[in-house]
1. Could the peptides 119-130, 86-97, 59-70, 135-146 be put in order, highest first, of the mean number of other beta-carbon atoms found within 10 Å of their residues?
2. Which length gain, in nm to one decimal place, applies between Thr142 and Arg89 when the Cα-Cα distance is subtracted from 0.36 nm times their residue separation?
3. Distances over 17 Å make up what percent of all Cα-Cα pairs in segment 1-49?
4. Tell me the angle of helix 85-97 to the major Cα principal axis of the chain, expressed in degrees between 0 and 90 and rounded to the nearest ten.
5. Within the accessible area of the chain, what % is carbon and sulfur when the probe is 1.4 Å and the other protein chains stay in place?
6. Residue-wise, which Karplus ³J(HN,Hα) couplings in Hz belong to segment 39-49, taking 6.51 cos²θ - 1.76 cosθ + 1.60, θ = phi - 60°, and x for glycine or proline?
7. Can you give the accessible area per residue of the chain, in Å², using a 1.4 Å probe?
8. Modelled label-to-label distance, Lys80 and Ile66, 7 Å Cα→beta-carbon offset: nm?
Amino acid sequence: MQIKELGHVVLYVRDLERSAAFYRDVLGFRQVWADGPGSFPAAAFSSGRTHHELLLIEVGPGAAPIPAGRRVGMYHFGLKVGDTDDDLRAALATLQDHGVTVVGAGDHGFTHSLYLLDPDGNEIELYIDVPGVDWDDPSVMTAPTKPLHL
């Protein structure tokens with residue numbers, strides 16, 4: 001077996017409408033459907049690469065929150081927002097326009113990244129790949145993160 005690519009991410013959310021608005025109106029995903037078969041409270045989104053890359057499933061307001069700090073499970077998922085720092089600056093401006101707090105930023109050597117939380121506390125990395133970097137060079141991939149200067 002060989003994995004070809006990461007196909008999609010599925011997230012449980014408390015309020016489907018609120019989360020759909022965030023992923024659609026702030027992050028710019030195209031919503032491809034909402035309310036699945038049999039009124040299943042879900043919505044799917046695509047960047048245009050495939051049928052869907054993100055599925056949100058509503059579990060209601062009583063669902064347990066994501067625990068803070070180090071824990072087993074997902075840390076974050078990354079969304080590529082372009083190819084240049086100008087693209088990342090534009091993403092930052094969109095976040096600021098929508099009142100979204102950036103909780104971290106870093107120059108990883110191979111990516112330039114911004115970190116934020118969705119309405120349910122799932123961490124998201126918005127990034128660009130740094131041009132000309134040799135991803136096969138372990139020293140690049142394991143170098144310490146530096147401050148990001150946009």
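The values are calculated or read from the model by the stated rules, or taken from the named source; none is laboratory data. Nothing here was measured: the structure is a model prediction, and the numbers come from that model. With ideal geometry, Cβ positions are generated from the backbone for all residues, glycine too; neighbour counts draw on all protein chains shown. The area values use the complete protein model at the heavy-atom level, side chains included, leaving out ligands, DNA and RNA. Shrake-Rupley method; radii C 1.70, N 1.55, O 1.52, S 1.80 Å.
1. Final packing ranking: 119-130, 86-97, 135-146, 59-70.
2. 16.6 nm
3. That tail contains 40 percent of the Cα-Cα pairs.
4. 40
5. Roughly 56 percent of what the probe reaches on the chain is carbon or sulfur.
6. Going residue by residue, I get 6, 5, x, 8, 8, 10, 9, 9, 8, x, 6 Hz, with x marking Gly and Pro.
7. Heavy-atom SASA per residue in the chain reads 61 Å².
8. 2.2
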